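Peer 1: Dropping a structure here in structure tokens format, bear with me for questions.
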Amino acid sequence: MFDFLEETLKGEKSTPESGQTDRLSWSRPAEGVICFEPKKQSDKSMVVSVGIHGNETAPIEIVTELVKRLLKDQYPLKVRLLVILGNIEAIQQGKRYIEIDMNRLFNGEHANHKKCYETQRAEQLETIISDFYGAAPEHTKFHFDLHTAIRSSHHTRFGLLPFLHKGNYNPSMLTWLRSVGLEAIVINHAPTSTFSYFSSHQFSASSCTLELGKAKPFNQNDLQQFIGIEQGLINLLSNQTKKTSSTDKLQVYKVCEELTKTSDQFKLHVTDKVKNFTAYNKDFILASEGDEYHKVQQNIGYILFPNKHVKVGFRAGLLLQKEDELSIIVNS
């Protein structure tokens, strides 16, 4: 049997392209993509994507191990499952991206940039997901996009829920997120061009971006930190529910401002050593651009994903405020 990750890292052709086991059939519609179909009837379609940023290796190791075990029939599969290794060229080179951040190119945003590997790959993945969900439109749909953060965080494991134009977040999503050991959830305040927003907005999938620790090279990850995530994914693909026994409250944040680098004059007043979810008091200047200043408007604001190295026109950070946990299941 082929090794999904090793084959991708070597740039080898996808051979064989399809096959089956006692429990499932599988096919590979594109490089770095494998689709599993259970032989027994299912009512759920689930996408798990990793490597949208090529240097975020822990999720890649976790998910490709799941692929190995599925191909060996070690787990019962009771959902349709699509596994995606996203930015293959960046994965092969150990880089976050080659030309442009792929997680800013979905929901059609790829058409607004000069054609390159990332824009073409984002467009291809949109088509693949559309075909996958479209093959079973009546199914309940899920998408988990797994990442790691550039810098350390006060919350080691956290998730980001995409903005909803209408309706509520799936309450079972909160139950599952708590059961896998997440420490915090961030609710997006506006549409974005991320992969999880694309599947949520276009297909009404229950989507979440999961951030698992800090980006490290292959084989340098402490995967014991993410046993809960791995088991949670196994429970989902086996269609098993597991109620959490944890009494810890899941901290909820909401995005209240996006810091965008609109020119080369942009300056981020946050050092490279500052951790995600660091708190700042009211009126602290987070960033400046000429005579314009971005100050904390709340009594306390929390910084997420500060990055002064982004290209002009891209997000340089998010400012958060704490929310009540119940707000996660309503469209706020």
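Peer 1: Considering (1) under 14 Å from residue 196 (Cβ atoms); (2) free of Cβ contacts under 8 Å to residues at least 40 places away in the same chain; (3) among the acidic types (Asp, Glu), say which one residue 145 fails and leave the rest.
Peer 2: With respect to (1) under 14 Å from residue 196 (Cβ atoms); (2) free of Cβ contacts under 8 Å to residues at least 40 places away in the same chain; (3) among the acidic types (Asp, Glu), residue 145 is out only on (2).
Peer 1: While we're looking at this one, here's another question. Working only within the stretch 259-283, note down all residues that are in contact with a Gly (Cβ under 9 Å, 6 or more places away or on another chain) and surrounded by fewer than 16 Cβ atoms within 10 Å (Cβ to Cβ).
Peer 2: Passing the criteria: 262, 263, 265, 279, 281, 282.
Peer 1: Looking at (1) farther than 26 Å from residue 25 by Cβ; (2) outside any helix (DSSP H, G or I); (3) among the hydrophobic types (A, V, I, L, M, F, W, C), which one does residue 122 not meet, given that it meets all the others?
Peer 2: (2)
Peer 1: Say whether the condition of being at pLDDT below 95, of a type in the set (S, T, N, Q), within 21 Å of residue 90 (Cβ to Cβ) and outside the structural domain of residue 318 (by TED's automatic domain parsing) is met by at least one residue in the stretch 133-152.
Peer 2: Yes: one or more hits.
Peer 1: So in the stretch 163-178, with the set limited to residues that are exposed (fewer than 13 other Cβ atoms within 10 Å of the Cβ) and in contact with a helix residue (DSSP H, G or I) (Cβ under 8 Å, 6 or more places away or on another chain), which one is farthest from residue 200 (Cα to Cα)?
Peer 2: Checked the stretch 163-178; the qualifying residue farthest from residue 200 (Cα to Cα) is 171.
Peer 1: Further, regarding this structure: Residue 34 - would you say it is part of a loop (DSSP other than H, G, I, E, B) and at pLDDT 95 or above?
Peer 2: It is false that residue 34 is part of a loop (DSSP other than H, G, I, E, B) and at pLDDT 95 or above.
Peer 1: Now for a separate question. Just a yes or no: is a residue in the stretch 71-81 without any contact (Cβ under 8 Å) to a residue 12 or more places away in the chain, part of a loop (DSSP other than H, G, I, E, B) and surrounded by fewer than 23 Cβ atoms within 10 Å (Cβ to Cβ)?
Peer 2: yes
Peer 1: Output the qualifying pairs, or none if there are none: Cβ atoms under 7 angstrom, residues six or more apart or on different chains, first residue in the stretch 259-287 and over 11 Å from residue 300 (Cβ atoms), second residue part of a loop (DSSP other than H, G, I, E, B) and among the polar types (S, T, N, Q).
Peer 2: 275/152
Peer 1: Conditions: (1) under 28 Å from residue 19 (Cβ atoms); (2) modelled with pLDDT of 95 or more; (3) in a loop (DSSP other than H, G, I, E, B); (4) among the acidic types (Asp, Glu). Residue 89 meets all but one. Number of the miss?
Peer 2: Every listed condition holds for residue 89 apart from (3).
Peer 1: Please work out if residue 98 is assigned to a loop (DSSP other than H, G, I, E, B) and in the same structural domain as residue 39 (by TED's automatic domain parsing).
Peer 2: Values: assigned to a loop (DSSP other than H, G, I, E, B): yes; in the same structural domain as residue 39 (by TED's automatic domain parsing): yes.
In short, yes.
Peer 1: Go through (1) within 27 Å of residue 133 (Cβ to Cβ); (2) touching a residue at least 12 places away in the same chain (Cβ under 8 Å); (3) surrounded by fewer than 16 Cβ atoms within 10 Å (Cβ to Cβ); (4) not aromatic (Phe, Trp, Tyr) for residue 194 and report which single condition fails.
Peer 2: (3)
Peer 1: Looking at 192, 241, 247 in this structure, which one is β-branched (Val, Ile, Thr) and at pLDDT 85 or above?
Peer 2: Numbers: 241 fails: at pLDDT 85 or above; 247 fails: at pLDDT 85 or above.
None of the other options fit; the residue is 192.
The values are calculated or read from the model by the stated rules, or taken from the named source; none is laboratory data. Given the structure is predicted, the values throughout are model-derived calculations rather than measurements. Here Cβ is always computed from backbone atoms with ideal geometry, including for glycine, and neighbour counts include all displayed protein chains.
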